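Working notes, structure below.
Read-outs throughout are calculated quantities, based only on the coordinates presented, and are distinct from any laboratory measurement. Model, not experiment: these values are computed from the prediction. Backbone-built Cβ (ideal geometry, glycine too); neighbour counts: all protein chains shown.
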Amino acid sequence: MFEHECVPFAPSLIESMRSLGYSFPAAIADLIDNSISANSKNIDIFSEPSKDPWLVILDDGTGMSENELYEAMRYGSSNPLEKRRENDLGRFGLGMKSASLSQCRHLVVISKQYHDICAYSWDLDYVIEKKSWMLKGFSEEELDKYPEIKRLKKLEHGTYIFLGDFDRIKESTSNISETFNKNLSEMNDHIALVFHRFIEEGLNIRINELPVEARDPFLSYHPATQRKKESSIYINNERILLKPFILPHLSKLSRSDLDKVGGKENLRTNQGFYVYRNKRLIIWGTWFRLERKDELNKLARVRVDIPNTLDYMWSIDIKKSTATLPDIIKKNMYSAVYDSVLGSENVHTYRGRKEKKDVDIEYVWEKIKNRDGYEYIINRNIPQLRLLEETLNDGQIKMLDSVIKTLEESFPVLALYADVAKGNIEEHKTEEHKEEIETIWNELNKQFEYIKANNLPLVRYYKAFQKVEPYCNYPEIKERIQKEIEKYE
Ligand SMILES: Nc1ncnc2c1ncn2[C@@H]1O[C@H](COP(=O)(O)OP(=O)(O)OP(=O)(O)O)[C@@H](O)[C@H]1O
Ligand SMILES: [Mg+2]
């Protein structure tokens, strides 16, 4: 055996590392993670969306000594397998470099600790020129040209990050300042959501001096929000905490409440688990495919707190924006909240009261009163559907339900209304024409055959069919069913 060190070629690797897939807001959030891990109380973002935009993040955290900063600039400054402090949001030793340079070509980090200021920079063009991992270092006197740097000088300790030469954005648009402004506004919304718990606990994040307001996705401050009982699941002795919330009904939400929960039109897509790692939101608005994003559950959101000691379980990615949880955790989370949230009357009550006309008849369409008016849904209790449910597997039942929902949602209310008003359609009259009776009886017999073929309780089903539309409307059919029942009783 012999050894031969194989050092990565800096210009290629540093360029490839830019393509991890960070969005602009996710990149800035990664830098804010670092400020929070350094115990900052104030984080200021300054930016000028000019033709050559720049962005600065200044925090009043612990800051770094020159040696610490030098090590922090290194790609892979720490081992992802190392145990981290409980409130450390980092993991890979990459974020500061890869997040910044995913957006721009020029990163300068200036830090102050015990009154000493130090500064290093990754400049992609310089790395290409030198063909090596060559940092640029600056003395304190060379720093005055950086915007808002005086503010760092006034602090006792803190860190200042300058991002310049946003080549990717420049290449993507003909109107840089407009696109940059749009990015800043998305960044504002993203920060307000993913760091809402830190902001609620007193962290100040400002963008060009304007405070970012927390976007609490559970509206937990709202008197009409239902807070459900917290529950825990344990994975390898580590605790995952689940706290379900049911948002108030739409009629109780103000404009600003609606903004916080992502807008009225997005309520349905935003339902689900909100998973936090050390109080920092990582994934949100998903039931991990264990439940459909149903209209019925659109007000349900579950806060999930996972400690960073379980990082190894959920293959968190470098951007901290996607994470895959093992199936076992997902399933445990799902069953922990099923009864209180998804199966809960509380979510379902808005569905309202059934407007039943005759208790002895199972109507196919049910008129339901909800808070917004009425809706028509297909009665899932009719024997035609029940016998299918008894014979299909779980996946097929879900599919069936989804087809029924599609039918319900696409009910042509207005067209029907217009046609009835014009007299084009009349209510179906059940006439005792021999021909019609025979057609219906034949149709019904197919269902009887199905019941027999699947060994389902025959008499119970016959009785149920006597009471359901359309059969209950035909005395002749009811009688024929009765005769069948007598054969078996
Ligand atoms: N704002 C800051 N204040 C103080 N120290 C910082 C700051 N930003 C970065 N550091 C130091 O630099 C190190 C490297 O940061 P970097 O974001 O690259 O990696 P990380 O946070 O350790 O892990 P990850 O890649 O998961 O973000 C951090 O571990 C921290 O010690
Ligand atoms: Mg980091």
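Pairs Lys367/Lys434; Lys136/Lys320; Lys298/Lys405; Lys41/Lys228: which are spaced more than 25 Å apart, C-alpha to C-alpha?
Lys367/Lys434; Lys136/Lys320; Lys41/Lys228
Say each of Glu178 and Arg268 gets a label point 7 Å from the Cα, pointing the same way as Cα to Cβ; how far apart are those two points in nm?
The modelled label-to-label distance comes out at 3.2 nm.
For Thr439 and Glu295, what is the calculated FRET efficiency with R₀ set at 35 Å and r taken between the beta-carbons, to the nearest 0.05?
0.50
Suppose the chain between Lys130 and Tyr376 were pulled fully straight at 0.36 nm per residue; how much longer would it get relative to their current alpha carbon spacing?
The span from Lys130 to Tyr376 would gain 81.5 nm if fully extended.
Using the Cα centre of the range 434-488 as the reference point, and only Cβ charges (+1 on K/R, -1 on D/E), how large is the resulting charge dipole? Debye, rounded to the nearest 20.
340
Can you list the trypsin sites (Lys or Arg not before Pro) in the range 123-196 that are in a DSSP coil and have 16 or fewer other beta carbons within 10 angstrom?
Answer by residue number: Lys131, Lys145.
Which peptide among 108-120, 271-283 comes first, and what is the full order, when sorted by highest mean count of other Cβ atoms within 10 Å?
Averaged packing, sorted descending, gives the order 271-283, 108-120.
Would you mind checking Lys112/Lys153; Lys463/Lys483; Lys51/Lys131 for any pair whose Cα atoms are more than 18 angstrom apart?
Where the Cα-Cα span goes over 18 Å, the pairs concerned are Lys51/Lys131.
Counting helices only, and only those DSSP H runs with n ≥ 4, report the 222 nm mean residue ellipticity of the chain as the sum of -39,500 (n - 2.57) divided by its residues, in deg cm²/dmol to the nearest 500.
Value at 222 nm, helices only, nearest 500: -10500 deg cm²/dmol.
Counting Lys and Arg as +1 and Asp and Glu as -1, each charge on the Cβ, what is the dipole of the chain about the Cα centre in debye, to the nearest 20?
Once rounded to the nearest 20, the dipole reads 960 debye.
What pairs from Lys182/Lys260; Lys97/Lys170; Lys229/Lys398; Lys264/Lys422 go past 26 Å between their alpha carbons?
From the list (Lys182/Lys260; Lys97/Lys170; Lys229/Lys398; Lys264/Lys422), the Cα-Cα distance tops 26 Å for Lys229/Lys398; Lys264/Lys422.
I need the phi-derived Karplus couplings for the range 197-205: 6.51 cos²θ - 1.76 cosθ + 1.60, θ = phi - 60°, integer Hz, Gly and Pro marked x.
Working through the residues one at a time gives 6, 5, 5, 4, 8, x, 5, 9, 10 Hz.
For the residue pair Asp52 and Thr391, what label-to-label distance in nm results when each label sits 7 Å from Cα along the Cα-to-beta-carbon direction?
Inter-label distance under the simple model: 7.5 nm.
What span do the alpha-carbon atoms of the chain cover on each of the three principal axes, reported in whole Å from largest to smallest?
Ordered largest first, the chain gives principal extents of 101, 64, 42 Å.
Please find the FRET efficiency linking Ser16 to Ala453, where r is the Cβ-Cβ separation and R0 is fixed at 51 Å, and quote it to the nearest 0.05.
In this case the efficiency is close to 0.25.
Can you report the principal axis dimensions of the range 362-425 using only the alpha carbons, biggest first, rounded to whole angstrom?
Over the range 362-425, Cα extents along the principal axes are 44, 29, 21 Å.
Where the only charges are on Cβ atoms (+1 Lys, Arg; -1 Asp, Glu), what is the dipole of the range 226-351 about its Cα centre, to the nearest 20 debye?
It comes to approximately 320 debye.
Extending each Cα 7 Å along its Cβ direction at Glu238 and Leu258, get the distance between those two points in nm, one decimal.
The two pseudo-label positions are separated by 4.0 nm.
At each listed q (0.09, 0.13, 0.14, 0.17 Å⁻¹), what is the log10 of I(q)/I(0) that the Debye formula gives for the range 226-351 modelled as equal alpha-carbon point scatterers?
Each listed q maps to, in turn, -0.25, -0.52, -0.60, -0.87.
Calculate, for Leu250 and Tyr70, the FRET efficiency according to 1/(1 + (r/R0)^6) with r their C-beta to C-beta distance and R0 51 Å; round to the nearest 0.05.
In this case the efficiency is close to 0.40.
Have a look at Ile246, Gly262, Ile318 and report the one farthest towards the positive end of the charge dipole of the range 226-351, computed about the Cα centre with Cβ charges (Lys/Arg +1, Asp/Glu -1).
Gly262
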